[in-house]
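I have placed the structure first, in the form of structure tokens, so that the comments after it can refer back to it.
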Amino acid sequence: MLSISDTPTHNITNDLDYRVPVDQGLQMFTALRRQGVPSEMIVFPDEGHWVLKALNSKYWHQQVFGWMKRWLEGAPATH
């Protein structure tokens with residue numbers, strides 16, 4: 001069973017996001033990796049708080065749903 005300390009994490013941050021500065025995303029990603037937590041990170045250099053550009057949105061969805069599929073397949077069902 002996974003605990004919060006080893007839950008695989010997919011971190012997405014955007015350079016133009018002034019609500020959540022990109023360095024906070026980088027710090028979280030670095031901390032997770034240093035603790036051995038399975039994690040990946042995507043940085044969109046041309047997006048703000050929301051991913052709005054068509055190709056970026058397509059990539060975002062491919063990555064998020066791919067990540068979920070990878071980590072949820074074989075996960076025990078919760079009731």
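Considering region 51-79, the residues that are at pLDDT 95 or above and assigned to a loop (DSSP other than H, G, I, E, B) include one that is farthest from Ser5 (Cα to Cα), namely Lys53.
Consider region 24-49. How many of its residues are over 16 Å from His10 (Cα atoms) and open to solvent by 80 Å² or more (accessible area, probe 1.4 Å)? Residues flagged as over 16 Å from His10 (Cα atoms) and open to solvent by 80 Å² or more (accessible area, probe 1.4 Å) within region 24-49 amount to 1. For region 30-79, give me each residue that is closer than 17 Å to Val20 by Cβ and of a type in the set (Phe, Trp, Tyr). Those that are closer than 17 Å to Val20 by Cβ and of a type in the set (Phe, Trp, Tyr): Phe44, Trp50, Trp60.
Going by what's in this entry, would Ser39 be described as over 13 Å from the mean Cα position of the chain (by Cα) and of a type in the set (Gly, Ala, Ser)? Even if it seems obvious, please write down each step before you answer.
Details: over 13 Å from the mean Cα position of the chain (by Cα): no; of a type in the set (Gly, Ala, Ser): yes.
Taking the combined requirement at face value, the residue does not satisfy it.
Of all the residues in region 1-19, those that are exposed (fewer than 12 other Cβ atoms within 10 Å of the Cβ) and either over 22 Å from Trp71 (Cβ atoms) or aliphatic (A, V, I, L, M) (or both) number 6.
The values are calculated or read from the model by the stated rules, or taken from the named source; none is laboratory data. Here the structure is a predicted model, which is why all the values come from computation and not from measurement. Every residue, glycine as well, gets a Cβ built from its backbone with ideal geometry; the counts of neighbours run over all protein chains shown. Heads up: the accessible areas ignore ligands, DNA and RNA and are worked out on the full protein's heavy atoms, side chains in. Shrake-Rupley method; radii C 1.70, N 1.55, O 1.52, S 1.80 Å.
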